[in-house]
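To start, the structure itself, in structure tokens.
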Amino acid sequence: MSEAQDLPLADKFRRLIETQGPMSLMEYMGEANARYYATRDPLGAKGDFITAPEISQVFGELIGLWLVDVWIRADKPDPVHFVELGPGRGTLAKDALRVMARYDLVPQVHFVEGSPTLREAQEKAVPGATFHDDLSDIPENAPILLVANEFLDALPVRQLVRTGEGWREVMVAVKNERFALMAGSEPRDDSVPASRRNLPKGTVLEMSPACAAVMGEIGQRLALQGGTALIIDYGYTEPRAGSSVQAVREHSKVDAMEAPGEADLTAHVDFVLMRHIAASKGARWLGTVEQGRWLRRLGVDRRAEALAQAAPDQKAKVLSGRDRLVDVDQMGELFKVMGLAAPGWPSGEGFA
Ligand code: SAH
């Protein structure tokens, strides 16, 4: 661990704010998450949160099958790159690649991962994967099969608030020794689309330049080199206002201002904007559907029943895992699956 990482991030932020004034919420969230992921494996029962691939192997398997189906109908291009953004422990990739290999789909594997700790886990799960800091150096010579599960929600968001004097950036200041949100002093009306500038005082608008940049790159890659992409996350499919930033620690919601770098900070994904950005770069939008509906259309029930039959002692666990992924009051409705394809590539199942 480097010296800078020994100093609690809260202390570093406090010093920074004392000397330079309040920092933007976007900077706070970006640095807090970089520190958070770099210093731990946050997944699983003993960690802070759990994700779909960690709940059930069926999740990664069905994603693998979805990719196999598209790849076969695209005439089995070879070579082909499997690209995953923020692979966590590598579980999704491991489950998907196992299924893909049964159909002779053996892609080159590329992981975009910022955390050294998680890279280690991913290397164990999928030996031989190539690691990247971002999408920029993924080879351009062949089509990509891209997956991102709960990646975009971890990227920082910018918030603007309507005050009596117009729109301002949401900043983090120190008040009574604690971090607190406040409106910045610089006018930011130019950053708000004209159609939304007259929203009532106190309205917060959220946007993620980091998500927008990633989606732009994905769209461009699909258009240039062919392939398909699945973007899975919690988010919304109608424009909305208000803050969606939340912090989770040990499976409970905590105050996002409490201990930067020690809790997972997330925001909901704006799937409408993501779709438009990808399309503006030339990718084809296949649809955005609720995770539960998508998994059911792909046969999650049959797959779970088969697994339960093959290992009767695991039946309760397999079926309760399936329920967590698809039930509307669990992950089934809040989570969305967005499909994208290169022009000329076939549409995948589950979006019709
Ligand atoms: N997809 C995994 C993990 C989700 S957690 C799963 O479903 O289990 C978010 C993942 O994104 C982690 O692997 C984290 O280290 C990575 N990540 C977060 N911000 C990142 C960034 N800016 N650049 C690269 N990876 C990032």
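Rounded to the nearest percent, how much of the accessible area of region 108-240 (1.4 Å probe, protein heavy atoms only) is carbon and sulfur?
It is 50 percent, rounded to a whole number.
Please give the peptides 63-75, 40-52 ranked by average Cβ packing (other Cβ atoms within 10 Å per residue), highest first, as a rough proxy for protection.
My ranking of the peptides, most packed first, is 63-75, 40-52.
So with the 1.4 Å probe, I'd like the accessible area per residue for the chain, rounded to whole Å².
46
For the pair ASP75 and HIS276, what calculated FRET efficiency results from E = 1/(1 + (r/R0)^6), where r is the Cβ-Cβ distance and R0 = 41 Å, to the nearest 0.05?
That gives a FRET efficiency of 0.90.
Give the Cα extents of region 233-352 along the principal axes, in whole Å, largest first.
Projected onto the principal axes, the Cα atoms of region 233-352 cover 47, 45, 22 Å.
Using the basic label-point model (7 angstrom from Cα toward the beta carbon), what is the SER195 to ASN141 distance in nanometres?
With each label point 7 Å from Cα toward Cβ, the separation is 4.5 nm.
Which entries in LYS94/LYS315; LYS12/LYS175; LYS281/LYS336 show an alpha-carbon gap greater than 18 Å?
Exceeds cut-off: LYS94/LYS315; LYS281/LYS336.
Just from its helices, what would the mean residue ellipticity at 222 nm be for the chain, if runs of 4 or more DSSP H residues each count -39500 (n - 2.57) and the sum is divided by every residue, rounded to the nearest 500 deg cm²/dmol?
Mean residue ellipticity at 222 nm (helix-derived): -11000 deg cm²/dmol.
Go through ILE138, ILE277 and list them by solvent-accessible area, largest first, probe radius 1.4 Å.
So, going from the largest accessible area down, we get ILE277, ILE138.
Kirkwood hydrodynamic radius, computed over distinct alpha-carbon pairs, for the chain: how many Å, to one decimal?
After inverting the pairwise mean of 1/r, the radius is 21.3 Å.
Using the Karplus curve 6.51 cos²θ - 1.76 cosθ + 1.60 with θ = phi - 60°, what ³J(HN,Hα) values do you get for each residue of region 292-308, in whole Hz, with x for Gly and Pro?
Whole-Hz 3J(HN,Hα) from phi for region 292-308: x, 5, 5, 5, 5, 5, 8, x, 4, 5, 5, 5, 5, 4, 4, 5, 5.
Under a point-charge model restricted to the Cβ atoms of Lys and Arg (+1) and Asp and Glu (-1), what is the dipole moment magnitude of the chain relative to its Cα centre, in debye to the nearest 20?
Using only the charged Cβ atoms, the result is roughly 760 debye.
Taking 0.36 nm per intervening residue step and subtracting the Cα-Cα distance, what contour gain separates ARG98 from HIS132 on full extension?
Difference between extended and current length: 10.0 nm.
Could you work out the Kirkwood radius for region 109-170, taking every pair of different alpha carbons, averaging 1/r and inverting it, reported in Å?
Over region 109-170, the inverse of the mean reciprocal pair distance is 14.7 Å.
Where in the chain is the longest stretch that carries no GluC sites (Glu not before Pro) classed as loop by DSSP and with at most 13 other Cβ atoms within 10 Å?
Of all site-free stretches, the longest is 1-139.
If you place +1 on the Cβ of every Lys and Arg and -1 on the Cβ of every Asp and Glu, how big does the dipole about the Cα centre of region 257-352 come out, in debye to the nearest 20?
I would put it at about 580 debye.
Taking a temperature of 25 °C and a viscosity of 0.890 mPa s, what whole-number D in µm²/s does Stokes-Einstein yield for region 50-170 with Rh from Kirkwood over alpha carbon pairs?
After rounding, the answer is 156 µm²/s.
Using only the alpha-carbon atoms, how far is helix 25-38 inclined from the longest principal axis of the chain? Give it as 0 to 90 degrees, nearest 10.
50
What's the angle, to the nearest 10 degrees (0 to 90), between helix 209-225's Cα axis and the longest principal axis of the chain?
For 209-225 against the chain, the angle is about 30 degrees.
Using Cα-only point scatterers and the Debye equation, what is log10 of I(q)/I(0) for region 243-304 at each q in 0.15 Å⁻¹, rounded to two decimals?
Summing over Cα pairs of region 243-304 leads to -0.77.
Pulled fully out, how much extra length does the chain show between SER252 and GLU349, if you take 0.36 nm times their separation in residues and subtract their Cα-Cα distance?
31.4 nm
Please name whichever of GLY227, ALA213, ASN198 sits farthest to the positive end of the charge dipole of region 189-237, dipole taken about the Cα centre and charges placed at Cβ: Lys and Arg +1, Asp and Glu -1.
The residue sitting most towards the positive pole is ASN198.
Report, in degrees rounded to the nearest 10, the 0 to 90 angle that the Cα long axis of helix 271-280 makes with the longest principal axis of the chain.
For 271-280 against the chain, the angle is about 70 degrees.
The values are calculated or read from the model by the stated rules, or taken from the named source; none is laboratory data. Note that this is a predicted model, so its numbers are computed, not measured. Virtual Cβ from ideal backbone geometry, glycine too; neighbours counted across all protein chains shown. Accessible surface areas use protein heavy atoms only, side chains included; no ligands, DNA or RNA. Shrake-Rupley method; radii C 1.70, N 1.55, O 1.52, S 1.80 Å.
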